[in-house]
1. Look at VAL271 and say whether it is part of a loop (DSSP other than H, G, I, E, B) and either β-branched (Val, Ile, Thr) or farther than 28 Å from TYR25 by Cβ (or both).
2. Are any residues in the range 149-185 of a type in the set (S, T, N, Q), in contact with a strand residue (DSSP E or B) (Cβ under 6 Å, 6 or more places away or on another chain) and at pLDDT 95 or above, and if so, which ones?
3. Could you pull out the residue among ALA34, ALA77 that is closer than 30 Å to GLN273 by Cβ, modelled with pLDDT under 95 and buried (at least 22 other Cβ atoms within 10 Å of the Cβ)?
4. If we keep just the residues of the range 251-298 that are crowded, with 16+ Cβ neighbours inside 10 Å and polar (S, T, N, Q), which is modelled with the lowest pLDDT?
5. Just to check your reading of the model, which residue among LYS205, LYS234 is outside the structural domain of THR139 (by TED's automatic domain parsing) and either of a type in the set (Lys, Arg) or in a loop (DSSP other than H, G, I, E, B) (or both)?
6. Is it the case that ASP133 is of a type in the set (D, E, K, R) and surrounded by fewer than 23 Cβ atoms within 10 Å (Cβ to Cβ)?
7. Looking at (1) at pLDDT 95 or above; (2) under 30 Å from GLY161 (Cα atoms), which is the one condition that is false for ASN237?
8. What are the residues in the range 117-130 that are hydroxyl-bearing (Ser, Thr, Tyr) and surrounded by fewer than 24 Cβ atoms within 10 Å (Cβ to Cβ), if any?
Amino acid sequence: MHTILVTGAAGQIGSELTMALRERYGNDNVIAAAHITQPDDTVSRSGPCHFIDCARANTVAEIVGKYKVDTIYHLAAVLSAVAEEKPQLAWNVNMVGLYNVLEVARTYHCAVFVPSSIGAFGASTPQDNTPQDTIQRPTTMYGVTKVAGELLCDYYHNRFGIDTRGVRFPGLISYKTLPGGGTTDYAVEIYYEAIRHSKYTCYLKKGTYLDMMYMPDAIKAAIGIMEANPDGLKHRNAFNVTAMSVAPENIGDEIKKVIPEFILEFEIDPVRQAIADSWPNKMDDRAAREEWGWSPEYDLKSMTRDMIEKLSEKLGTK
């Protein structure tokens with residue numbers, strides 16, 4: 001039975017991944033770790049929960065040693081839009097934090113999951129059917145840290161034999177936890193505003209296609225790559241994974257099938273639009289499908305109906 005540490009356990013991915021792992025491996029075997037934000041009651045009351053600062057290696061090592069952790073899901077990170085506002089903070093959290101986690105993993109012989117992102121690509125990357133292995137020249141601090149993180153994880157595997165694995169997540173959509181400052185956050189906000197006000201003003205322009213994924217599929221991918229037989233992995237870190245390529249109006253049209261009065265308007269944020277324009281329209285995830293059997297369960301239609309149903313219950317409008 002694994003003993004697992006989840007950093008960033010209060011975040012959009014971490015809060016749901018922690019509970020999925022506890023259901024799979026037992027509450028006491030999954031330690032939730034957060035730094036600034038307190039995890040919600042579901043996470044904090046169902047199993048061990050600690051505050052740690054990944055930028056200070058001793059705080060990570062203390063928890064890993066105390067619980068005899070053998071697997072770390074390292075999710076603590078500053079996301080794309082916030083990283084452009086605070087690039088020094090993003091470097092410290094995203095790179096120093098990752099280096100410390102990998103060093104602790106080397107000392108204690110832990111496997112490590114590290115998520116990368118579509119943000120690891122740049123304007124010179126092929127935008128349609130973006131290959132698994134391709135040019136990566138991002139122009140954002142977030143993207144720079146993600147590319148460096150991919151390389152660092154590969155280095156620790158090749159140099160020290162650490163079992164590092166990861167995926168490149170697209171934009172993630174969830175009804176449970178609000179996103180934390182990413183460029184694709186509109187794809188969550190649009191559902192909240194559709195239910196509350198039947199109207200949403202999007203900060204990305206029409207025709208801005210980006211890969212998206214419903215959170216249950218993101219959790220499936222994170223657990224799936226860590227449970228995969230390593231003998232089948234030609235790659236190891238930063239597998240492209242995706243479920244759908246959509247523009248804002250595609251989501252809006254699907255919402256209108258459930259909420260006919262919904263109105264979608266546009267007021268472009270040049271910073272986030274520039275970031276989105278540098279990212280792929282659609283990634284090629286054949287390597288993940290072939291090497292460890294990746295396949296999503298939700299498309300835009302099934303995700304939209306589930307989002308509206310679950311959010312309506314959450315917001316008390318149903």
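1. So VAL271 fails the test.
2. THR164
3. Result: ALA77 is the single residue among ALA34, ALA77 that is closer than 30 Å to GLN273 by Cβ, modelled with pLDDT under 95 and buried (at least 22 other Cβ atoms within 10 Å of the Cβ).
4. SER278
5. Every option except LYS205 fails the conditions.
6. Answer is yes for this residue.
7. Condition not satisfied by ASN237: (1).
8. SER124, THR125, THR130
The values are calculated or read from the model by the stated rules, or taken from the named source; none is laboratory data. Quick caveat: nothing in here was measured; it's all calculated off a predicted structure. Here the Cβ is made from the backbone with ideal geometry for all residues, glycine too, and neighbour counts use every protein chain on show.
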